[in-house]
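One structure follows; several queries about it will come next.
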Amino acid sequence: MTEKRIENLIIVGGGPSGYTAALYSARANLEPLVIEGFQWGGQLQNTTEVENFPGYPEGVMGPQMMQEFRAQAERFGTRFITDDATRIELSDGGLQRVWVGDDEYVAKAVILAMGAEPRRLGVPGEMELSGRGVSTCGVCDGAFFAGEEVIVVGGGDSAMEDAIFVAKYASKLTIVHRRDEFRASQIMLERARSVPNIEFKTPYTVEEFLAGEDGKLRAVRLRHAETGAEEELAVGGAFVAIGHIPRSELVRDQVEVDENGYVVTQGKSTRTNLAGVFAVGDLVDHTYRQAITAAGTGCMGALDAEWYLRDTPPSPEATWAGRSGEALEATAEQAG
Ligand code: NAP
């Protein structure tokens, strides 16, 4: 029978929240194992300059900052698996199991830190032209469209923020939104309205992204949401800014989530409805979604997990030889 190591703590996700949870729990001698994802670094991996993370007065590139988060966690003994979790089996107070392909990892506690990803329209051409004119990150890609006509799709604060940023480069920018009313805050809406090269086109939906002969975006097909009339708008760039979806697909059926799929935590803590299962970062938070707030909840998750491991008596399912904090060996049979 093969020996199976029972970890103290597995952290699933390699963004600001996951790495901060790793840093804190590593310093608490929990020897965390981080399943950081093949594309570790989270959404900041797709960002250029970060100017609003305290401690970097000159700003820092997103990928550089994530490298530094990771290195700091590693310094205190964090171990990493640079691959995607493919299956998670949560338990209420028992052993938590995470698979990466055929490899199974078992722990006494787990911190879910899988983040969120940009929502897509799901129309023809969107994925095919991604990176060839269609983008979900204005801040990352806006500068590539200097002097071009572009659209931003969406009516929330993200769309306004992207539009204001991208309009610095584009010759003309049209905000396409499916309703006449906007979800964006008044201040963001007014800021966008005051930019001379920003226009609004409502209520329109984007039905298709059309490629030119060079394989890049050349136009979008728009549909009037009320009359159904269609028209083509020639653009070199299109930024889809219609919100985010939490990456909770592996746990959605096991842990409490809200109507949008965000994991629900208890009060001000990172505790979920399952003992030994904690959730942090954008997987939980659809409001603030900042690197600094994600990092803050990562810290909270590590402390919550540490207190759980210290104070909670082992359940019959989770058999291990002691509770000294170090990772312990058990047989596969003991691990269940
Ligand atoms: P959001 O507020 O949920 O807005 C999403 C927008 O996309 C809505 O206008 C929605 O239209 C539209 N939309 C969604 N699905 C669509 C679809 N399939 N087709 C067409 N349009 C679609 O998301 P967000 O703008 O990303 O903002 C999320 C949170 O972050 C908010 O709390 C926001 O205030 C905050 N935030 C703040 C700032 C800032 O203050 N600087 C910047 C960014 C984000 P409907 O309105 O018709 O549903």
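The values are calculated or read from the model by the stated rules, or taken from the named source; none is laboratory data. Remember, it's a predicted structure, so these values are computed and weren't measured experimentally. Cβ atoms come from the backbone with ideal geometry, glycine included; neighbour counts cover every protein chain shown. SASA here: full protein model, heavy atoms, side chains in, ligands and nucleic acids out. Shrake-Rupley method; radii C 1.70, N 1.55, O 1.52, S 1.80 Å.
Could you tell me the relative contact order of the chain? Use alpha-carbon pairs under 8 Å, at least six residues apart, and round to a whole percent. Walk me through the numbers on the way to the answer.
Values: 817 pairs, mean separation 79.5, N = 336.
Rounded, it is 24 percent for the chain.
Next up: Please report, in cubic angstrom per residue, the volume enclosed by the convex hull of the alpha-carbon atoms of segment 108-174.
Each residue corresponds to 128 Å³ of Cα convex hull volume.
Tell me the angle of helix 16-27 to the major Cα principal axis of the chain, expressed in degrees between 0 and 90 and rounded to the nearest ten.
For 16-27 against the chain, the angle is about 20 degrees.
Still on this structure, I have one more. Once you measure Cβ to Cβ distances between cysteines in the chain, which Cys have no partner under 4.7 Å?
CYS299
Among 180-186, 67-73, 237-243, 105-111, what's the highest-first ranking by average C-beta atoms within 10 angstrom per residue? Don't jump to the answer; show the numbers that get you there.
On the way: 180-186: 13.9, 67-73: 18.6, 237-243: 23.9, 105-111: 26.6.
Listed from highest to lowest mean packing, they are 105-111, 237-243, 67-73, 180-186.
Go through LYS108/LYS268; LYS172/LYS216; LYS201/LYS268 and tell me which ones have a Cα-Cα distance over 30 Å in this structure.
LYS201/LYS268
Which Rg and Dmax, in Å, describe the Cα atoms of segment 187-319?
Values for segment 187-319 (Cα only, Rg and Dmax): 22.5, 67 Å.
Then there is this: Once amide H atoms are built 1.01 Å from N in the peptide plane, which residues 5 or more positions from HIS244, or in another chain, come under 5 Å H to H?
Long-range HN contacts for HIS244: ARG119.
With everything on Cα atoms, drop me the angle between helix 62-75 and the longest principal axis of the chain, reported from 0 to 90° to the nearest 10.
It works out to around 0 degrees.
Any idea what angle helix 157-166 forms with the longest principal axis of the chain, computed on alpha-carbon atoms, 0 to 90 degrees, nearest 10?
That works out to roughly 60 degrees.
Let's see if you can work this out: charge +1 on each Lys and Arg Cβ, -1 on each Asp and Glu Cβ, no other charges. What is the dipole magnitude of segment 118-164 about its Cα centre, in debye to the nearest 20?
Dipole of segment 118-164, to the nearest 20 debye: 160 debye.
Another one. So, with +1 on the Cβ of K and R and -1 on the Cβ of D and E, and no other charges, what is the size of the charge dipole of segment 22-157 about its Cα centre, to the nearest 20 debye?
Roughly 440 debye for segment 22-157.
Please work out the Kirkwood hydrodynamic radius for segment 8-53, using every pair of different C-alpha atoms, and report it in angstroms with one decimal place.
With all distinct Cα pairs of segment 8-53 included, I get 11.3 Å.
Now a separate question. Can you tell me the mean projection area, over all orientations, of the convex hull of the chain's alpha carbons? Units nm², please.
19.1
Excluding same-chain residues fewer than 8 positions from LYS4, which aspartates and glutamates have a Cα within less than 12 Å of its Cα?
List returned: ASP103, GLU104, GLU329, GLU333.
Still on this structure: Along each of its three principal axes, how wide is the spread of alpha-carbon positions in segment 120-240, in whole angstrom units, largest first?
Projected onto its principal axes, the Cα set of segment 120-240 covers 40, 35, 22 Å.
Let me ask you something else. Using per-residue counts of other Cβ atoms within 10 Å, averaged over each peptide, order 196-205, 113-122, 93-102 from highest down.
Put in order of decreasing packing, that is 113-122, 93-102, 196-205.
Tell me, what % of the accessible area of segment 120-240 is carbon and sulfur with a 1.4 angstrom probe?
Carbon and sulfur: 46 percent of the exposed surface of segment 120-240.
Taking the Cα centre of segment 120-240 as the origin, how large is its charge dipole in debye, to the nearest 20, when only Lys and Arg (+1) and Asp and Glu (-1) carry charge on their Cβ atoms?
Once rounded to the nearest 20, the dipole reads 240 debye.
Follow-up question, since we're still on this one. Solvent-accessible area per residue for the chain at a 1.4 Å probe radius, Å²?
Numbers: 16270 Å² over 336 residues.
Computed with neighbouring chains in place, this is 48 Å² per residue.
Name the residues whose placed amide hydrogens come within less than 5 Å of the amide hydrogen of TYR105, ignoring near sequence neighbours (fewer than 5 apart) on the same chain.
For TYR105, whose amide H was placed from the backbone, the distant partners under 5 Å are VAL98, TRP99, VAL100.
How large is the helix-only mean residue ellipticity at 222 nm for the chain, computed as the sum of -39500 (n - 2.57) over DSSP H runs with n ≥ 4, divided by its residue count, in deg cm²/dmol to the nearest 500?
Using -39500 (n - 2.57) per qualifying helix, the result is -6500 deg cm²/dmol.
Return one quarter of the surface area of the convex hull spanned by the alpha-carbon atoms of segment 8-133, equal to its mean projected area, in nm².
Orientation-averaged projected area of the Cα hull: 9.9 nm².
Using the per-residue mean of other Cβ atoms lying within 10 Å as a proxy for protection, in what order, highest first, do the peptides 161-174, 291-304 fall?
The most tightly packed comes first, giving 291-304, 161-174.
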